[in-house]
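K.L.:
Before I ask anything, here is the structure I am working with.
The values are calculated or read from the model by the stated rules, or taken from the named source; none is laboratory data. Every value quoted in this text rests on a predicted model; they were computed, and no experiment measured them. Note that each Cβ is placed from the backbone with ideal geometry, even for glycine, and that neighbours are counted across all protein chains shown.
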Amino acid sequence: MTPQAPAAAAVVLGLLNHVYFNRCEPQSINVSFLAIIIQPVALTLAFNAFSVAKVLTTTFIFLATLALSIGVYHLSPWHPLAHIPGPTLAKISKWWSVRLVLSGDQHRVFKALHDHYGDFVRVGPNEISVIHVDAIKSVFGRGGFPKGQYYEPRVDPIHGTRSLLTSRGDAHANRRRIWNRGMSSQSLLAFELILEKHLKQMLEHFDKFASTRSEIDIAAWFSYLMFDFMGDMAFEMLRDGKDNEGYWTLIKDGAKTIAVLSQLPWLAPALYKIPMLTRNTKRAQAEVDAVYPDPDSVFDSLKHGELPYLTACFNEALRLYPPVPTGGPRQIPPGAATVIAQKMIPENTQVYVPAYAVHRNPRHFFPDPDKFDPDRWLGSSNEGLHHRAFIPFSYGAANCVGKGLAWCEMRMVASALLKRYELRFGAGMEENGSWVDTLDDVFVTSVGGKLLAGVPGDYMNQKTVVREMP
């Protein structure tokens, strides 16, 4: 036996492992990790050359060969996604995606990549992002693709219990029918009474802050409102004016953790977008005043259809900052290579259709797709407005089941605040300013910074000054 024999065998073993993993992608790291550790040790024993130095050398050669083989293959013209352009590091390893999710900038980076490469971008070894409008129906519509491995970390690992978000096929359809009944028009009327109760509770606090000219983190209060509304007396954050038990903090931190785990195989609080109305507050307030002359009438949702400009403001805010900026990918099933927007995509590919990038594509919304312009939704011809490309609540059978409730929440809360106060950003806080930059993508939108409101003088017809604080 030559001294080079174990090294050569380690190279061959690394290549064979790559072939195996390429054909049989592991669903769990436990067995695969153990096998990778054992193989170099067993190899040295087979050559009767067992020693710590030999084991370490063989292990290094084995792992280096495996990693190099995988990287070269991912970049090679023989890879099924070789025809899709994208950043080199994204093609090589999923760790590029992990870093991206940790930064909270996934939606911004995806948009920049599409600006550079076009409608199709390869964002992982076996993942692509598509912003062509035809992909929306192909991926999410009838006959579209199921949710893949990305969603598995959101499944109960012990009991295998799946939520509506992670369910697939008939299981999803059966559970969705129950949710649809719970979100019917008749059910929404009952929910509105609960929302009215909690909204009045929040406004009582705001009135106290106004009388003492106190500053408030208005974004945090929107979170408390949403959380108490969903829990209905279970958490009582509005009563206490803070997150005593840390529930909201836990949810925010947990969302980021799960987003990272999802990279390794409810709707966000759209009320955060209310400050985006500030450049158009006067017009929105005039509309609200006309529809609700009596301040106590703002809780009447039957008049929401008489608020076209306010609705346009929310449409525009949801377009620029969708609750789920990127979302999770759908997976093309084995043996089902398909054409998406005139391009052949191979089986087992994970396909993203990121709403943030779709909504800011100049072919879908023009002119100035990055500009907040509610009037684009009010023109008689809607020229420059591609309704099929507007997917803030996703699309198809798995779209947001709470869409109707979310619209009721947004319109009712906005009407109450606009009727009662004047909202504006403070000095240095512009529409595209630093607070907007704290909107991170952790599957749903997460707000990293505070949005403080100082209320000078009496609340009625006074200005609520919104500014960023350290």
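K.L.:
Hand me the list of strands (runs of 3 or more DSSP E) wholly inside region 330-422 holding 2 or more residues that are under 16 Å from residue 131 (Cβ atoms).
P.N.:
Per the criteria, 343-345, 350-352.
K.L.:
Answer with yes or no whether residue 74 is assigned to a helix (DSSP H, G or I), closer than 17 Å to residue 349 by Cβ and over 24 Å from the mean Cα position of the chain (by Cα).
P.N.:
Yes.
K.L.:
Next up: Of the residues 53, 67, which single one is in a helix (DSSP H, G or I), under 18 Å from residue 125 (Cβ atoms) and small (Gly, Ala, Ser)?
P.N.:
Just a single option satisfies the conditions, and that option is 67.
K.L.:
Test of understanding: among 425, 366, which residue is over 21 Å from the mean Cα position of the chain (by Cα), aromatic (Phe, Trp, Tyr) and modelled with pLDDT under 75?
P.N.:
Sole residue among the options that is over 21 Å from the mean Cα position of the chain (by Cα), aromatic (Phe, Trp, Tyr) and modelled with pLDDT under 75: 425.
K.L.:
May I ask you to list the residues in region 20-34 that are modelled with pLDDT of 75 or more and within 22 Å of residue 80 (Cβ to Cβ)?
P.N.:
Start the filter on region 20-34 by keeping residues that are modelled with pLDDT of 75 or more, which leaves 20-24, 33-34.
Those that are modelled with pLDDT of 75 or more and within 22 Å of residue 80 (Cβ to Cβ): 20, 21, 22, 23, 24.
K.L.:
Name the single residue that is farthest from the chain's Cα centre (by Cα) among those in region 77-135 being of a type in the set (Ser, Thr, Tyr) and part of a helix (DSSP H, G or I).
P.N.:
Per the stated criteria, the residue is 88.
K.L.:
Can you say whether residue 330 is at pLDDT 90 or above, buried (at least 20 other Cβ atoms within 10 Å of the Cβ) and closer than 28 Å to residue 25 by Cβ, as far as the supplied structure shows?
P.N.:
Yes; evaluated as a whole, the condition is true for this residue.
K.L.:
Next question, about the same structure. With the condition kept exactly as written, say whether any residue in region 294-316 is under 30 Å from residue 385 (Cα atoms), at pLDDT 55 or above, crowded, with 20+ Cβ neighbours inside 10 Å and of a type in the set (Lys, Arg).
P.N.:
No, region 294-316 contains no residue that is under 30 Å from residue 385 (Cα atoms), at pLDDT 55 or above, crowded, with 20+ Cβ neighbours inside 10 Å and of a type in the set (Lys, Arg).
K.L.:
Collect the residues in region 333-369 that are among the hydroxyl-bearing types (Ser, Thr, Tyr) and either closer than 16 Å to residue 110 by Cα or surrounded by fewer than 21 Cβ atoms within 10 Å (Cβ to Cβ) (or both), keeping them in residue-number order.
P.N.:
Answer for region 333-369, where residues must be among the hydroxyl-bearing types (Ser, Thr, Tyr) and either closer than 16 Å to residue 110 by Cα or surrounded by fewer than 21 Cβ atoms within 10 Å (Cβ to Cβ) (or both): 338, 352, 356.
K.L.:
Mind listing whichever residues of region 370-401 are crowded, with 18+ Cβ neighbours inside 10 Å, under 30 Å from residue 147 (Cβ atoms) and out of contact with any Leu (no Cβ under 6 Å at 6 or more places or on another chain)?
P.N.:
Of everything in region 370-401, those that are crowded, with 18+ Cβ neighbours inside 10 Å, under 30 Å from residue 147 (Cβ atoms) and out of contact with any Leu (no Cβ under 6 Å at 6 or more places or on another chain) turn out to be 389, 390, 391, 393, 394, 395, 398, 401.
K.L.:
Kindly provide the set of residues from region 80-97 that are surrounded by fewer than 18 Cβ atoms within 10 Å (Cβ to Cβ) and not β-branched (Val, Ile, Thr), ordered by number.
P.N.:
The answer is 80, 82, 83, 85, 87, 89, 93, 94, 95.
K.L.:
While we're on this one: Looking at region 353-376, is at least one residue among the β-branched types (Val, Ile, Thr) and touching a strand residue (DSSP E or B) at 6+ places or on another chain (Cβ under 6 Å)?
P.N.:
Within region 353-376, one or more residues are among the β-branched types (Val, Ile, Thr) and touching a strand residue (DSSP E or B) at 6+ places or on another chain (Cβ under 6 Å).
K.L.:
Right, next: From the list 130, 121, which residue is touching a His at 6+ places or on another chain (Cβ under 7 Å), closer than 21 Å to residue 391 by Cα and crowded, with 20+ Cβ neighbours inside 10 Å?
P.N.:
On the way: 130 fails: touching a His at 6+ places or on another chain (Cβ under 7 Å).
Only one candidate qualifies: 121.
K.L.:
Which is in contact with a helix residue (DSSP H, G or I) (Cβ under 8 Å, 6 or more places away or on another chain) and either within 29 Å of residue 125 (Cβ to Cβ) or modelled with pLDDT under 90 (or both), of 359, 387?
P.N.:
Values: 387 fails: in contact with a helix residue (DSSP H, G or I) (Cβ under 8 Å, 6 or more places away or on another chain).
The match here is 359.
K.L.:
Considering only region 313-325, I want to know if a residue exists there that is over 24 Å from residue 409 (Cβ atoms), β-branched (Val, Ile, Thr) and part of a loop (DSSP other than H, G, I, E, B).
P.N.:
Taking region 313-325 first, the residues over 24 Å from residue 409 (Cβ atoms) are none.
Among the residues of region 313-325, not one is over 24 Å from residue 409 (Cβ atoms), β-branched (Val, Ile, Thr) and part of a loop (DSSP other than H, G, I, E, B), which makes the answer no.
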